[in-house]
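Some notes on the structure that comes next.
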Amino acid sequence: MTSSTTPFPDGFLWGGATAANQIEGAYDEGGKGLSIQDVMPHGIASPRTDRPTPDNLKLEAIDFYHRYAEDIALFAEMGFSVFRLSIAWSRIFPNGDDAEPNEEGLAFYDRVFDECAKHGIEPLVTLSHYETPLHLAEKYDGWVSRELIGLYERYVRTVFDRYRGKVTYWLTFNEINSVLHEPLLSGGINTPKDQLSERDMFQAAHHELVASALATRIAHEMLPGSQVGCMVIAMPVYPLTPDPADALAVMAADHANLMFSDVHTRGAYPGYALRYFREHGIELDITDEDREILTNTVDFVSFSYYMSVCETADPAKKVAGEGNIMGGVRNPTLPASEWGWQIDPVGLRVVLNQFWDRWQKPLFIVENGLGAKDELVEVDGVKTVLDDYRIGYMNDHLVQVGEAIADGVQVMGYTSWAPIDLVSASTAQMSKRYGFIYVDRNDDGSGTLERYRKKSFGWYADVIRTNGASLS
Ligand code: BGP
C-alpha cells in the first residue's frame, strides 16, 4: 500500500472490541446478579468455584463500570467510529429468569450509549458474550435446556425496546461455534464437559441457533434499520501435508466450525451436518417452529480472528497446538505469541475470501489482536509502553484486510481486541495485554487502575485518520 492510496472504503467502521465481564467489574453493584464468569477465577483452565472468590480478577476487572466516560473519551481520541461491547445479561435480568428487568442495569447502558453518541461512536453490541447468568447454568444447565430460548427472548426484547434509536448493530452470541469446545464458558452448561453427551452439546447449540434467529427476527420487526450479525471463531484450517486424507481432515474440521454460520446465513442445517447427526446417533429435538425460525438469516457475519491451524488424518503427526478455544495441529512454518497462539496475517485474507465466497454476506472483523506482556516505561516524563510488536502484528493483519477488500470482499469494519487492557477470557490474567491503552492492574490484583497511552495508541489513531493509508 502506498501512502496516498487505501483499499478501505469510505465509511469503513474502525474501533475496538470488549466484553462486559472482562472490563466492567462491579460484579455485585447496581442490582447485578452473578454470571458464570464470577465463579471462573482461572478462565477455562480449571473448574468453576462455588461462589465468587477474591482471586477472580473479573470481579473488579478494569472498573469500566465507573470509568466508562474516561475510556470512551480515549477511544474517541483515537478516532473510533465503532465500539464493540456486550451487555451483561445478569445486569438486566439478575437471575436470567426474573419476571421484570433491573432498572439500574438498564440505566447503566443508557449512560454508556449516550457517552458513545456524544463522541459520534456507534455501539456494536453483543447480547451474550460468555456471561450467562449463573442461575441459568445451575437451574437449567444453560443452553441444554429449551427454556433458555424464551428467557433470552425476554432479555433481547427488553434491550431492543430500551435502546431503540441508540444501537444499530447487534451480535447475538459471541463465538457461537465455541459451544462444542467450552460448554460452560460458551453455553452456560454446568455439567462438566467429560460428563456431557455429544447429543446434549449439539442440542444446546441448536437452542442457541434458534435463539439467535429469533433475535434477528425480533430486531427486524422492532427496530427497522437495525443490522444483526452472527459471531464465530474464524480459524482457517490448512492440511499438514498434501495427502488427500489430510484434505478430508481439513474438510471435517471446517464443517464443525462453519456449520454455525452456514445455518445463520442459509436458514437451515447443511447436508453434511445432518449426515453427521445420523451417523453418530445424534437425535436432536428440532420442531417445525424451530425450522421456521431458523429461516430468519443474519444481515452480516462477524468473527474473531487470531490464528490458523493445521489438520491431519495421521494420529502420529497430530501435535496439538495451543490457541483460541478450539486449537488444532501446530503449523511448523509459523511463529507464535507468548501464549502459543500462532501468528498468521495471511490467514485473515484467506478466511475473508473463504467466508465471502461461501455466504456473500458483508463481513465484520470484530476481534483481532496480540496478547503480550507489556512493560510500562517512562519516555520524556510520560509513562507508556513501547509495543512495536503489537504495532507490527496489527499492521500486518490490516494489510491483509486491505488485500481482501482489493479481492472484492465486502468488509464492514474492524474492531481490534482489545482497545484497552482487560482480563483475559481463557486464562483470566491481566498480564496477557491486548490494549492500545495500558491499565495499571496486575495478576495479583494490585495496581492503581490508571490508564496510559501505549505507542500503539498513536499508531492506530493514524491508521484510522488516514483510513488505512498509513499502513505499510
Ligand atoms: C475470544 C473471546 C474474547 C477474548 C479473546 C482473546 O475468544 O471472544 O472474549 O478474550 O478471545 O482471548 P484471551 O482473552 O483468552 O486471550
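The values are calculated or read from the model by the stated rules, or taken from the named source; none is laboratory data. None of the values given here were measured: they were computed from a predicted structure. Please note: Cβ atoms are built from the backbone with ideal geometry, for glycine as well, and neighbour counts cover all protein chains shown. Ligands, DNA and RNA are excluded from the accessible area calculation, which covers all protein heavy atoms including side chains. Shrake-Rupley method; radii C 1.70, N 1.55, O 1.52, S 1.80 Å.
So here's what we get for this one:
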item: Residue count, the stretch 133-159 (criterion: closer than 27 Å to LEU363 by Cβ and under 19 Å from the mean Cα position of the chain (by Cα)); result: 3
item: Only listed residue being of a type in the set (A, V, I, L, M, F, W, C) and over 30 Å from PRO192 (Cβ atoms), chosen from ALA99, ALA19, ALA88; result: ALA99
item: Tally, over the stretch 348-362, of residues that are open to solvent by less than 10 Å² (accessible area, probe 1.4 Å) and touching a helix residue (DSSP H, G or I) at 6+ places or on another chain (Cβ under 7 Å); result: 2
item: Selection from the stretch 299-308 of residues that are within 11 Å of the ligand (Cβ to nearest atom) and assigned to a loop (DSSP other than H, G, I, E, B); result: TYR306, MET307
item: Top-ranked residue of the stretch 160-179 - restricted to ones that are more than 16 Å from the ligand (Cβ to nearest atom) and hydroxyl-bearing (Ser, Thr, Tyr), ranked as nearest to the chain's Cα centre (by Cα); result: TYR169
item: Selection from the stretch 170-208 of residues that are open to solvent by less than 10 Å² (accessible area, probe 1.4 Å) and hydrophobic (A, V, I, L, M, F, W, C); result: TRP170, LEU171, PHE173, ILE176, VAL179, LEU185, ILE189, ALA204, ALA205
item: Meets criteria (over 23 Å from ILE62 (Cα atoms) and outside any strand (DSSP E or B)) for GLU100; result: yes
item: Test: residue in the stretch 382-390 that is within 22 Å of the chain's Cα centre (by Cα) and within 16 Å of the ligand (Cβ to nearest atom); result: yes
item: Residues (touching a strand residue (DSSP E or B) at 6+ places or on another chain (Cβ under 8 Å) and hydroxyl-bearing (Ser, Thr, Tyr)) located in the stretch 331-378; result: SER337
item: Among the residues listed as GLY340, GLY271, the single one being surrounded by fewer than 18 Cβ atoms within 10 Å (Cβ to Cβ) and within 30 Å of GLY43 (Cα to Cα); result: GLY340
item: Scan of the stretch 2-56 for residues that are within 16 Å of the ligand (Cβ to nearest atom), assigned to a loop (DSSP other than H, G, I, E, B) and small (Gly, Ala, Ser), ordered by number; result: ALA19, GLY25, GLY43, ALA45, SER46
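Results for (1) polar (S, T, N, Q); (2) part of a loop (DSSP other than H, G, I, E, B); (3) open to solvent by less than 10 Å² (accessible area, probe 1.4 Å), shown as yes or no for each residue.
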position: THR427; (1), (2), (3): yes, yes, no
position: SER431; (1), (2), (3): yes, yes, no
position: ASP443; (1), (2), (3): no, yes, no
position: SER446; (1), (2), (3): yes, yes, no
position: TYR452; (1), (2), (3): no, no, no
position: TRP459; (1), (2), (3): no, no, no
position: ASP462; (1), (2), (3): no, no, no
